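The values are calculated or read from the model by the stated rules, or taken from the named source; none is laboratory data. Remember, it's a predicted structure, so these values are computed and weren't measured experimentally. With ideal geometry, Cβ positions are generated from the backbone for all residues, glycine too; neighbour counts draw on all protein chains shown. Note: areas computed on protein heavy atoms with side chains; ligands, DNA, RNA excluded. Shrake-Rupley method; radii C 1.70, N 1.55, O 1.52, S 1.80 Å.
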Amino acid sequence: MDTLQLFRKKDSVKSLIFSILSKEYPLRTIELANYIAKRYGKDITFQAVRKSLREFVHAGVLVENEKRYRINKEWVLECRNELDRIYQELVKE
């Protein structure tokens, strides 16, 4: 999964899931689906949320424990290190 894909569409299911889990965690699939429907007024299915969660887990962006999801701390650290590396390269120019 292209990590930047997360941030291209602010109202996509994946962007909403990521945004929610950056503030509240861990959450179950049904909790995320209900949160998106109530807070964002999106007509979303449980299956759509579950599919996105599985893709995130497969990509290493999220971790699942006892059917609850959270952002993977190691993934965040890897992203930070990569961004720091890119920043250092840009500063040299």
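Once the trypsin sites (Lys or Arg not before Pro) in DSSP loops with at most 11 neighbouring Cβ atoms within 10 Å are cut out of the chain, the longest remaining piece is 24-66.
Per-residue ellipticity at 222 nm from helix content only, as computed over the chain with -39500 (n - 2.57) for each DSSP H run of at least four residues, stands at -19000 deg cm²/dmol. In straight-distance terms, cross-link reach from Lys14 covers every one of the lysines whose alpha-carbon lies under 24 Å from its own, apart from those fewer than eight places away in the same chain; here that gives Lys23, Lys38, Lys42, Lys51, Lys67, Lys73.
Measuring nothing but protein heavy atoms, the accessible surface of segment 15-93 at 1.4 Å probe radius is 50 percent carbon and sulfur.
Protein heavy-atom accessible surface, 1.4 Å probe, per residue over segment 53-93: 83 Å². Projecting label points 7 angstrom from Cα along Cα→Cβ for Leu77 and Val91 puts them 2.1 nm apart.
Using a cut-off of 12 Å between beta-carbons, work out the net charge of the residues near Glu24 (Lys and Arg +1, Asp and Glu -1, Glu24 not included). With Lys, Arg at +1 and Asp, Glu at -1, the net is +4.
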